[in-house]
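Trainee: Sharing a structure here in C-alpha cells format.
Every number here is computed from the coordinates shown, using simple stated rules; none is lab data. Being a predicted model, the structure only gives us computed values, none of them experimental. Here the Cβ is made from the backbone with ideal geometry for all residues, glycine too, and neighbour counts use every protein chain on show.
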Amino acid sequence: MLDGRFRGQIETWVRPLGMSVKRAGIPADAITTAGLVMSVACAVAVGAGHLNLGVLLLALTGIPDTLDGAVAKASGTSSQRGAFFDSVSDRVTDALLFGGVAWYLAGDPSRSRYLPVLAFAAFGTAVLPSYIRAKADALGLDAKGGLVERAERFVILGIGLLFSQLLVASLVVLVVLNLATAVQRFAKVWKLADKPQPI
C-alpha cells in the first residue's frame, strides 16, 4: 500500500541521496549487500533477545532496500542482474528476520513452544504475495498493490520488536494481512489472465 501509493513521492525524496551515493562511487549492488549484512545482524540481535537493538538494525536493513534502486537509476546502471539480485536478497532478508524472531520465541521458556511456528507462518505468507507478483510479471500481467508490502511488514514487525508484549500480536496481524494481500493479488491476476491476449 505504501509502496504503491507513495512510490513516486518516495523516489523523489530518495533521488538526491542516490545521486550523492553515486558520486561517492558506491555501486547499487554494494548497497544491496550492506542490507543483507544488516539483516543478518538484526536476526542475530533479535534471536539473542536484544529487541531494541533489533529495531535499530531493522531500520538499517530497510534503508539500503530503499536506496539501492535510486543509486542504480542515478548511475545509469539499472540492469536485470541488479533487479534479480535485489529481489533474491529481499527474500533472504525476510527469511533471516523471521528466523531471528522464531529463534527468540523458541528460547523463551515462558512462551508456548508452538509460537516459533507463527514466525515461520508470517514468513511463508509474506513470500506468497511476492511470488504471485513475480509470476504475474513473468506473464506480462500486473499484480502490484494489496494491503501490505515490504514497507508495511517492516513497520509492523518493528512495532512488535519495540514493544515486545505486542510481538505475538504483530505476527498474527502479519499473517492475516499477508494472506489478504495474496488473495487480492491472486484475484487481480486471475481476472487479468482471463482476458484474451493479443497474438
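Trainee: State the extension gain, in nm to one decimal, for the chain segment bounded by residue 176 and residue 190, taking 0.36 nm per residue of separation less the distance between their alpha-carbons. Let's see the in-between values first.
Mentor: Details: separation 14, 0.36 × 14 = 5.04 nm, distance 2.09 nm.
This chain segment gains 3.0 nm when fully extended.
Trainee: Follow-up question, since we're still on this one. So if we plug the beta-carbon distance of residue 159 and residue 138 into 1/(1 + (r/R0)^6) with R0 = 35 Å, what FRET efficiency do we get, rounded to 0.05? If you can, show how the numbers build up before the last one.
Mentor: On the way: r = 34 Å, r/R0 = 0.96.
After rounding to 0.05, the efficiency reads 0.55.
Trainee: Read phi for every residue in the stretch 110-123 and hand back ³J(HN,Hα) as whole Hz from Karplus 6.51 cos²θ - 1.76 cosθ + 1.60, θ = phi - 60°, with x for Gly and Pro.
Mentor: After applying 6.51 cos²θ - 1.76 cosθ + 1.60, I find 7, 9, 4, 5, 8, 4, x, 4, 5, 5, 5, 5, 5, 5 Hz.
Trainee: Any idea what the relative contact order of the stretch 73-199 is, in percent, if you count C-alpha pairs under 8 Å spaced at least 6 apart?
Mentor: Normalised by residue count, the contact order of the stretch 73-199 is 24 percent.
Trainee: By the scheme Lys and Arg +1, Asp and Glu -1, what is the net charge of all other residues having a beta-carbon under 12 Å from that of residue 191?
Mentor: Local charge sum for residue 191: +1.
Trainee: Work out how far the C-alpha atoms of the stretch 76-199 reach from end to end along every principal axis, then list the three figures in whole Å, largest first.
Mentor: So the extents along the principal axes, rounded to whole Å, are 61, 35, 20.
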